[in-house]
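Working notes, structure below.
Please treat every number below as a calculation from the coordinates, not as lab data. If you're wondering where the values come from, they're calculated on a predicted model, not measured in any experiment. We place every Cβ from the backbone using ideal geometry, glycine too, and count neighbours over all the protein chains shown.
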Number of protein chains: 2
Amino acid sequence: MADDGRSGPRAGDLFQLLRDGKAWTRAELATTTGLARSTVAGKVDLLLSSGLVVSVGEASSSGGRPPSRFAFHAEARTVLAVDVGASHVRVALTDLNGEVLAEERELMPVAAGPEAVLGYVIESAERLLAATHHPESLLAGVGIGLPGPVEHATGRPVKPPIMPGWDGFDVVGFVQQSLRVPVLVDNDVNIMALGERAGFWPDVDDLLFIKLATGIGSGIISSGHLQRGADGTAGDLGHVRVARGDGVVCRCGNVGCLEALASGDAVAHSLAEQGVDAPNGATVVELASHGNSAAIQSLRQAGRDIGEVLATCVNLLNPSVIVIGGSMAAAGEHIMAGVREVVYRRSPPLATTNLRIVLSRAGERAAVMGASQLVSQHVLSPAGIEAALLSMATAG
Amino acid sequence: MADDGRSGPRAGDLFQLLRDGKAWTRAELATTTGLARSTVAGKVDLLLSSGLVVSVGEASSSGGRPPSRFAFHAEARTVLAVDVGASHVRVALTDLNGEVLAEERELMPVAAGPEAVLGYVIESAERLLAATHHPESLLAGVGIGLPGPVEHATGRPVKPPIMPGWDGFDVVGFVQQSLRVPVLVDNDVNIMALGERAGFWPDVDDLLFIKLATGIGSGIISSGHLQRGADGTAGDLGHVRVARGDGVVCRCGNVGCLEALASGDAVAHSLAEQGVDAPNGATVVELASHGNSAAIQSLRQAGRDIGEVLATCVNLLNPSVIVIGGSMAAAGEHIMAGVREVVYRRSPPLATTNLRIVLSRAGERAAVMGASQLVSQHVLSPAGIEAALLSMATAG
């Protein structure tokens with residue numbers, strides 16, 4: 001924000017210019033900021049000594065010694081990006097641009113509890129750092145996505161339905177006992193939205209990411225920012241009522257929720273009622289891929305139900321991109337056909353002229369990409385850079 | 001944004017500190033910004049000469065000459081705030097805090113066309129400036145709310161259904177032929193959301209404003225910012241489908257839209273079908289206020305239909321305040337009873353624990369308050385202040 005009470009020339013502010021990925025001379029930095037060249041030189045020296053900025057060769061010159069050029073060095077720090085799912089944990093070590101350097105994946109139920117899951121994350125971090133020869137001292141932060149509601153300011157899960165033992169657990173404090181860096185926690189769908197946008201839609205400011213899996217949820221990016229709402233529950237579209245839902249009771253206790261009709265479990269259940277052996281959503285996707293017509297019909301109907309809620313989202317949020325991800329997105333075209341059918345019929349022309357509805361490109365890496373992004377947004381902000389330089393000065 | 005390419009010490013940035021309404025000394029400004037005291041002194045002089053900052057007495061001192069204090073002076077400029085409704089035009093002259101100095105209201109159909117309506121606005125501006133003895137040279141800008149979709153970047157209406165002659169009209173250019181100041185245009189519901197928040201909920205970052213009138217629409221504030229969506233159509237909840245709507249055809253051509261069931265016209269129509277003479281929504285409100293039970297029942301049912309869509313809004317946006325405004329809000333408690341009944345039944349507990357659903361306090365002034373706010377946000381931003389000081393320097 002422009003009015004956050006700072007306006008002086010600080011290294012963190014100067015750094016924001018250098019983040020554009022281009023090479024800058026000191027003179028260009030001075031002209032753009034209006035700062036004295038001596039001030040710029042001092043800030044650049046500080047950033048060079050941190051490693052976050054590097055010299056990248058010389059500019060052409062009309063005569064005399066050519067001036068040096070500087071640019072952001074994304075490889076100067078690492079980020080630990082963690083995706084905790086209902087039944088798996090994925091841990092990736094990335095650079096500050098989200099490039100994955102190494103990763104591990106383990107089948108582990110979130111219901112094993114926070115000590116077991118986060119204990120694995122910490123051990124995994126040590127293995128990944130050692131394997132890639134990155135010192136822990138250059139780890140910039142840890143980003144964690146959890147499969148339930150999280151109070152963003154504190155990183156504590158809030159009454160998460162499928163995470164016994166996690167309610168109110170101090171995730172940040174627990175991880176910081178071992179890794180003394182900033183730890184940021186958010187729910188998995190918010191993080192997937194961040195990851196999908198950072199990786200594939202960086203210029204799109206209004207994007208809706210839908211996760212279709214055992215449950216259904218969404219992450220909302222409006223005006224370029226993730227929207228969490230007043231209590232962090234924004235994007236909870238699994239419990240929106242759909243017209244076909246009369247009489248169908250959801251696990252939340254309400255009637256007619258989208259999740260009770262169109263989640264992986266719900267589709268499997270409706271197939272089982274037709275005598276098709278489908279214990280879960282993955283089986284339905286498998287059956288559809290082999291041409292089972294009952295499975296295909298069920299997925300298409302689920303797509304229509306999802307489309308009904310997405311039409312409402314289009315009315316309310318007017319996104320330019322809707323991304324469908326999560327494990328059920330593997331049933332891609334069958335679901336998408338139903339979604340598109342309803343969204344384009346129900347939504348106003350002005351809101352759908354430029355609307356794209358696409359399958360996730362980040363796929364199962366969306367969450368770790370977003371967890372990395374959550375950390376880099378934080379540590380590369382003006383305040384984050386100031387804090388990093390300050391701790392460096394204190395340590396030195 | 002922190003990374004918009006500026007980080008040098010400019011008068012516009014310094015001014016953001018002074019906008020807090022408190023009195024600052026030069027020394028406090030220097031300490032907070034990290035700028036040299038000579039730099040601060042120069043910027044303060046520039047702001048003083050603009051009149052946007054004034055000296056407000058002296059600080060206590062431990063000895064020697066007491067230092068001067070400075071503060072933002074909202075009365076230094078005026079704003080023309082315009083609310084164009086379906087059948088009326090309201091024009092207010094305000095200061096930079098949105099305080100109304102004088103206003104006029106005229107019955108005039110928007111269908112009279114842009115030249116007639118905006119011609120009245122310009123004549124009204126001249127009368128209001130003259131009556132309050134404010135020179136046109138100190139008019140900071142014009143904010144206009146229109147009853148239809150507006151492309152925010154250009155201020156042009158986009159296929160507005162009830163505004164014949166306005167589609168694509170250059171509102172900004174037309175007004176600037178007479179008033180050579182920034183002109184900002186938005187749709188009326190967005191502007192009402194801004195006005196209600198600025199006036200009564202300045203600390204609420206997630207607010208939903210619902211306008212119930214001939215039509216139904218909403219303005220969405222998330223993370224403290226008005227959300228317009230990719231094409232400016234965000235908040236269009238009048239055409240969300242509701243469960244009770246099967247078979248009811250809306251004027252948009254779709255079936256089951258909220259507006260076709262719960263707008264003022266729709267409620268009047270349903271009463272007429274029961275043999276009650278109610279030509280429009282205003283009559284229904286009047287009947288209900290006299291205890292007509294059919295009118296009360298109809299309004300309560302409209303409240304339930306609206307509540308069904310608002311429950312979805314709560315799931316998606318997780319606001320902490322929902323404000324119900326517009327002419328039908330005069331039927332306050334009858335509609336609210338239905339709204340609350342459904343929202344608290346359908347929405348997740350975590351999202352409703354802190355949720356307040358209230359009637360508009362700004363009332364029929366919401367739009368002019370918001371139009372004023374739209375202008376002051378623009379002209380008091382760092383870039384707006386720089387532009388104002390620059391034009392002052394050029395003129396001088």
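Before moving on, here are some points about what is shown:
- In chain A, Rg over Rh equals 1.03, where Rg is the alpha-carbon radius of gyration and Rh the Kirkwood radius from pairwise Cα distances.
- Gyration tensor verdict on the protein assembly as shown (Cα atoms; rounded if a/c is under 1.5, prolate if a/b is larger than b/c, oblate otherwise): oblate
- Integer Hz, Karplus 6.51/-1.76/1.60 couplings in order for segment A:39-49, x for Gly and Pro: 5, 4, 4, x, 5, 4, 4, 4, 5, 4, 5
- Local electrostatic count, B:Ser320, Cβ distance below 13 Å [Lys/Arg +1, Asp/Glu -1]: -1
- Alpha-carbon centroid distance for the pair segment B:280-321 / segment A:301-376, whole angstrom: 31 Å
- Fully extending the segment from A:Val56 to A:His133 would add 25.3 nm, taking 0.36 nm per residue of separation and subtracting the current Cα-Cα distance.
- Counted charge near A:Ile144, where neighbours are those whose Cβ lies closer than 10 Å (Asp, Glu -1; Lys, Arg +1): -3
- Database remark: amide H of A:Ala102 closer than 5 angstrom to the amide H of A:Leu93 (H placed geometrically; neighbours at sequence offset of 5 or more, or on other chains; Pro and chain starts carry no H).
- For segment B:20-39 and segment B:168-242, distance of Cα centres in Å: 35 Å
- Tensor-based shape of segment B:10-114 (alpha-carbon gyration tensor, a/c under 1.5 rounded, otherwise prolate or oblate): prolate
- From phi via Karplus (6.51, -1.76, 1.60), per-residue ³J(HN,Hα) for segment A:345-359 in Hz, x at Gly/Pro: 6, 8, 8, x, x, 4, 8, 10, 4, 9, 7, 10, 10, 9, 7
- The protein assembly as shown: antiparallel DSSP beta bridges as a percent of all, rounded to 5: 60 percent
- Neighbour-limited loop hits for GluC sites (Glu not before Pro), segment B:97-187 (at most 15 other Cβ within 10 Å; DSSP other than H, G, I, E, B): B:Glu99
- For A:Arg156, distant residues with modelled amide H under 5 Å away: A:Glu151
- With N counted as the residues of segment B:263-394, its alpha-carbon radius of gyration over 2.2 N^0.38 Å works out to 1.43.
- In Hz, Karplus ³J(HN,Hα) per residue of segment A:146-157 (6.51, -1.76, 1.60; θ = phi - 60°; x = Gly, Pro): 10, x, x, x, 10, 6, 4, 4, 9, x, 8, x
- Cα-based helix-to-principal-axis angle, A:366-379 vs chain A, degrees rounded to 10: 30 degrees
- Take each residue of peptide B:307-316, count the partner chain Cβ atoms within 10 Å of its Cβ, and average: the result is 6.
- Principal-axis tilt of helix A:264-273 within chain A, Cα atoms, nearest 10 degrees: 10 degrees
- Ellipticity estimate at 222 nm from DSSP helix runs (n ≥ 4, -39,500 (n - 2.57)) divided over the protein assembly as shown, nearest 500: -12500 deg cm²/dmol
- Positive end of the dipole of the protein assembly as shown (Cβ unit charges, origin at the Cα centre): among B:Thr394, A:Ala294, B:Cys313, the Cα lying farthest that way belongs to B:Thr394.
- Note on the protein assembly as shown: Lys pairs 8 or more places apart or on different chains, Cα atoms under 21 Å apart, count 4.
- Placing dummy labels 7 Å off each Cα toward the beta-carbon, the span from B:Glu115 to B:Arg361 is 4.4 nm.
- Normalised by residue count, segment A:322-387 yields a Cα convex hull volume of 111 Å³ per residue.
- At 0.692 mPa s and 37 °C, Stokes D of segment B:351-396 from Kirkwood alpha-carbon radius, µm² per second: 241 µm²/s
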